[in-house]
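Readers should treat all values here as calculations from the given coordinates under stated rules, not as data from a laboratory. Not measured: the values here are computed from a predicted model. Quick reminder, even Gly has a Cβ in these numbers, built from the backbone with ideal geometry, and neighbours come from all protein chains shown.
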Amino acid sequence: MPVVLDEFPYLVKASPELPSIIQRELGPGGSATRVLAVQVHAVVGGTPAYRKEFVLAAVADGNTTSGGIAGYVGRKSNEIAHPLRVLEDSHLLVKERDLFRPNRSCYRVAEPLITFYQAIMVREWARLERGDAATVWRGSGARFLSQVVGPHVEVLCREYALDADAAAGEVGSGVVPDPANRTRIEVDVAVLAPVDHGRPRRVLSLGEVKWDRVMGAEHVARLRRARDLLTAKGYDTRDTVLTCYSGAGFTAELGAGPGGDVRLVTLDDLYA
């Protein structure tokens, strides 16, 4: 049974202990419920409102760089700089810098409902108006996971990492170039210690997030490769933990003996 509390921020202002009381008394009781909780949060977030913007549609469709957004809307990068700043100032877009490439950054839609609306609803509006939501949902499963839930879970994991490590100075994502293999490694959750001027930047954790895939040794190997590449670039990685965040679990091999420098994080950990 859904329970809706109106004007919740005002209630919390009057009774700061209210969220913990509600969580204790009415919180989800099992891992299956938590899976559903993540998916619902990925759709509606915390604010039931949206604004239709073409640039927002570009980002919701997976174009997260200024160049990608410009290509989507058919403009040059310099022509969309002002709209992007306006959307940032309006807190509809969030600009996040690449932790390992300071001159690079990407955008994400701040409000989950906008992402869901643009990624799922807009392109199926004719069917939705006819009331054929069941058909729309059956055909949108893969897109929902890749464009809505997947990126949202990465945000949740970064928030978790920031709360879980008292030594964290900065948490974000980043790309580590791998020239020898002519590729690059995307790090979904990177935790860095605060800047200590005159000393190499400490990397506390490197993490990969998989919402709907069982994670195994190959994911750890990719993170270990990223750590070695960062060591070669001058980062302090002596105590770096390799963290696998999975909504689908881990292979028996990885679960039985992940190793001293590997940490496994489940949905139960996120909601603990």
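Farthest towards the positive end of the charge dipole of the chain, among the residues MET215, ALA58, GLY172, is the Cα of ALA58, using unit charges on the Cβ of Lys, Arg, Asp and Glu. If the segment from SER20 to GLU253 were pulled out straight at 0.36 nm per residue, it would be longer than the present Cα-Cα gap by 80.2 nm.
Under a 5 Å amide H cut-off, with hydrogens placed 1.01 Å from N, ASP178 pairs with THR183, ARG184, ILE185 among residues at least 5 apart or on other chains. Taken along the Cα-to-beta-carbon direction at a fixed 7 Å, the label points for SER146 and LEU5 span 3.8 nm. Over all other residues within a Cβ to Cβ distance under 14 Å of THR237, the charged ones net out to +4, with Lys and Arg as +1 and Asp and Glu as -1.
The order of the peptides 156-167, 207-218 by mean Cβ neighbours within 10 Å, most packed first, is 207-218, 156-167. Stretching the chain fully between ARG130 and GLU79 yields a gain of 14.6 nm (0.36 nm per residue, less the alpha carbon separation).
Phi angles across segment 188-205 convert, under the Karplus curve 6.51 cos²θ - 1.76 cosθ + 1.60 with θ = phi - 60°, into 3J(HN,Hα) values of 6, 9, 10, 10, 10, 6, x, 5, 10, 3, x, 10, x, 5, 7, 9, 7, 7 Hz, Gly and Pro given as x. Ordering ALA110, GLN147, TRP125 by the projection of their Cα atoms onto the charge dipole of segment 78-156, which places +1 on the Cβ of Lys and Arg and -1 on the Cβ of Asp and Glu, puts GLN147 at the extreme positive end. Taking 0.36 nm per residue of separation and subtracting the Cα-Cα distance, full extension of the segment from SER105 to PHE54 would add 16.4 nm.
From the alpha carbon centroid of segment 229-251 to that of segment 78-131 is 28 Å. For ASP98, nonlocal amide neighbours, meaning residues 5 or more places apart or on other chains whose placed amide H falls under 5 Å from its own, are ARG104, SER105, CYS106.
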